[in-house]
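Input: a single structure, listed below in structure tokens.
Coordinate-derived values only; no laboratory data. The model shown is predicted, which means the values in this text are computed figures rather than measured ones. Here the Cβ is made from the backbone with ideal geometry for all residues, glycine too, and neighbour counts use every protein chain on show.
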Amino acid sequence: MTEAKPKKMMKMSTRENLAGWAFISLNFIGYLAFKLIPLILAGVLSFSKWNMTTSLSTMTFVGFDNFVKMFKDSFFRTSFTNTILYAVVMVPVAIFLSLIFAVILDRYVFGKGLLRLAFYLPNISSMVAVSVIWMILFLPSYGPINMFLQSIGVANPPKWIYGKDTSLMSIMLVGIWQRLGYNIIIILAGLQGISQTLYEAAEIDGANGIQKFWYITIPSLRDTMFFLIMMSFISSFQVFTPVQVMTKGGPGKSSYVLVYYIYSKAFEGNELGYASAMAWALFFLVFIFSMGRMIFQRRKAE
């Protein structure tokens, strides 16, 4: 009896282990097939020159030539600059507006659940469909936005995605609009974690609404805001769909961003090696921000 029980327990433990491995195997296979293996292949391709329309036997090793070429490529510099500009403008504006809307929703608005859903819908909507709708809104002559501007006396409204000076700004507006909902939900969760006794104590001391916002709300949301800033920057570095659907990088190269340039070189120019090198450059850019977030969280835990 005593020997049978350990054997039975060992069999049950083995079955549980096998069941656990079976559950995680699908995710692991997906990770290998769609993340790890492509990442390794991109690393190999970044040191080679290969036209993807030909056989693998035509692949030639070129060392660091692709990485050197990036610094000499004016289109890469333009795409990189536009990507940084998009992130630097879009992220602070989106977070600031999200903070204002979240505070208003948390304190001064009834029916928060329905409004939270309304704000969050753009974040889960198809970005292709959203981009098509914004293309219609941005039409210079018959678009609803310019028709409204003309109705209030603006004689020469912007050309939006059809103008060199405004195309990237138009992509930023779409990014801000699409990002608001996610930011608001996260900030609302942070606001609900702030103790009301802090606000009550501030009121007793005679603090007004602005002072409570500046000295209680903002410091209490420090970790939440840092998380949103890091995640927003990482997401903004990978902007692609609005550019692909709305502008194709134009007019000229005014709205070229890094991911779109990688796409155009890989699948339109068939320069897979050079595109892989640029993809690794983007990977390191995202990696730096990811490491910054991890270091901050580690210091906070300590």
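Site pair Ile37 and Ser57 shows an inter-label distance of 2.4 nm when each label is modelled 7 Å from Cα along Cα→Cβ. The GNM of the chain, with springs linking C-alpha atoms under 10 angstrom apart, assigns the highest mean-square fluctuation among Val68, Val89, Val174 to Val68. Cβ crowding within 10 Å ranks Tyr215, Tyr108, Tyr274 as Tyr108, Tyr215, Tyr274, fewest other Cβ atoms first. Full extension of the chain segment joining Ile194 with Val154 gains 10.0 nm, where the gain is 0.36 nm per residue of separation less the Cα-Cα distance.
What FRET efficiency would be calculated for the residue pair Ile84, Val44, taking the C-beta separation as r and a Förster radius of 41 Å, to the nearest 0.05? Approximately 0.90, to the nearest 0.05. Here the label points at Trp177 and Asn208, each 7 Å from Cα along the C-beta direction, are separated by 3.5 nm in the simple model. Normalising the average separation of contacting C-alpha pairs (under 8 angstrom, six or more residues apart) by the number of residues puts the relative contact order of the stretch 21-83 at 20 percent. When the chain is treated as a GNM with alpha-carbon contacts under 10 Å, the residue of Met230, Met169, Met59 showing the greatest mean-square fluctuation is Met59.
Counting other Cβ atoms within 10 Å as a rough exposure proxy, the listed residues Ser220, Ser131, Ser255, Ser25 run Ser25, Ser220, Ser131, Ser255 from fewest neighbours to most. Here the contact order of the chain, divided by its residue count and restricted to Cα pairs under 8 Å and six or more residues apart, works out to 28 percent. The simple spin-label model puts a point 7 Å past each Cα toward its Cβ; for Ile136 and Lys164 those points are separated by 3.1 nm. Among Lys265, Lys212, the ranking by other beta carbons within 10 Å of each residue's beta carbon, starting with the fewest, stands as Lys212, Lys265. Over the C-alpha atoms of the stretch 65-301, the Rg to Rh ratio, Rh being the Kirkwood estimate, stands at 1.04. Among the helices of the chain (complete DSSP H runs), which have Cα atoms covering no less than 20 Å along the helix axis and a Kyte-Doolittle mean of at least 0.0? Taking the DSSP H segments of the chain (at least 20 Å long, mean hydropathy at least 0.0), we get 74-108, 167-192, 222-236, 272-301.
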